[in-house]
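S.K.: There's a structure below that I have some questions on.
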Amino acid sequence: DRGRDVQLFSFPDYSTVIGGEIGCALRGERPYGPDAMQLLYVANRYERKREMVDAKTTGTILLCDRYLSSSVAYGEAQGLDAAWLVEIQRYLPQPDVTILLDMSPDESARRKRASRDKYERDLALLARVRDSYLRQAASGWVRIDADRDRDAVAAEVFAAVADRA
C-alpha cells in the first residue's frame, strides 16, 4: 500500500535440495536427531542467503515466515544450546523486527487438524517451543495474540510493520 517492494521467504523452503531433505525428515523418512535437523534448517536459509541479500540491497522488504528464531525455539525445546543456534546463523541477514504470532499449542492443533508434521503433532514439544519464543520475545519483539480472529491479527501485524517501514 505504501509503494514498497516486499518479498516473502518461507522456511523451510521445500523447493531446494536441502529443503527436500527436511521434508523427508518431517515425514519420518529420515532419522535425524535435533542437531542435524537444526543444521539442515539453517543450511536451508543459507541456500537463499544470496537472494535475500540482493533483495535487501535494492530496498525490498523481506518478510520471512519462520526464520532465525525458529531454529532457536525448536532446537532449545529439544535440548540444544541456544547460543550455538544463534552463532551458526550470524552470517544470515538479521531481522529488523521480529513478530511473534503467539498461540497456544492446543489452539494450533485445533486450527490445523490435517497434514501435521511430527513436530506439529507433539503438543508437549510445542509448549516448550512456545516458552522459548516467549523468552526470546522479551528482547524487544512485537508479540501479537494470534488466538484471535485472522483479520484482527492481520491488522495488528500490518500496524506493527507500518510503524517501522
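S.K.: So which residues in region 138-152 are within 16 Å of Val97 (Cβ to Cβ), hydrophobic (A, V, I, L, M, F, W, C) and out of contact with any Asp or Glu (no Cβ under 8 Å at 6 or more places or on another chain)?
M.R.: Across region 138-152, the qualifying residues are Ala138, Trp141, Val142.
S.K.: Among (1) within 24 Å of Val157 (Cβ to Cβ); (2) loosely packed, with under 12 Cβ neighbours inside 10 Å, there is one condition Pro31 misses while meeting the rest; what is its number?
M.R.: It fails just one condition, (1).
S.K.: Taking the options Asp131, Asp102, name whichever one is of a type outside the set (Ser, Thr, Tyr), surrounded by fewer than 18 Cβ atoms within 10 Å (Cβ to Cβ) and within 13 Å of the chain's Cα centre (by Cα). Give the derivation first.
M.R.: On the way: Asp131 fails: within 13 Å of the chain's Cα centre (by Cα).
Testing whether each residue is of a type outside the set (Ser, Thr, Tyr), surrounded by fewer than 18 Cβ atoms within 10 Å (Cβ to Cβ) and within 13 Å of the chain's Cα centre (by Cα) leaves just Asp102.
S.K.: Output the helices (runs of 4 or more DSSP H) that fall wholly within region 77-165 and possess 1 or more residues being in contact with a Pro (Cβ under 7 Å, 6 or more places away or on another chain) and of a type outside the set (S, T, N, Q), or say none. Can you show your working first?
M.R.: Numbers: elements: 82-87, 105-111, 123-137, 150-162.
Counting at least 1 such residues, we get 123-137.
S.K.: Now for a separate question. Just to verify a result, which residue in region 34-60, among those that are free of Cβ contacts under 8 Å to residues at least 40 places away in the same chain and among the hydroxyl-bearing types (Ser, Thr, Tyr), is surrounded by the fewest Cβ atoms within 10 Å (Cβ to Cβ)?
M.R.: Thr57
S.K.: Additional query: Within region 5-22, take every residue that is assigned to a helix (DSSP H, G or I) and under 29 Å from Val161 (Cβ atoms) and give me the one that is most open to solvent (accessible area, probe 1.4 Å).
M.R.: Ile18
The values are calculated or read from the model by the stated rules, or taken from the named source; none is laboratory data. Owing to the predicted nature of the structure, the values given are computational and were not obtained by experimental measurement. Neighbour counts run over all protein chains shown; Cβ positions are idealised from the backbone, glycine included. Ligands, DNA and RNA are excluded from the accessible area calculation, which covers all protein heavy atoms including side chains. Shrake-Rupley method; radii C 1.70, N 1.55, O 1.52, S 1.80 Å.
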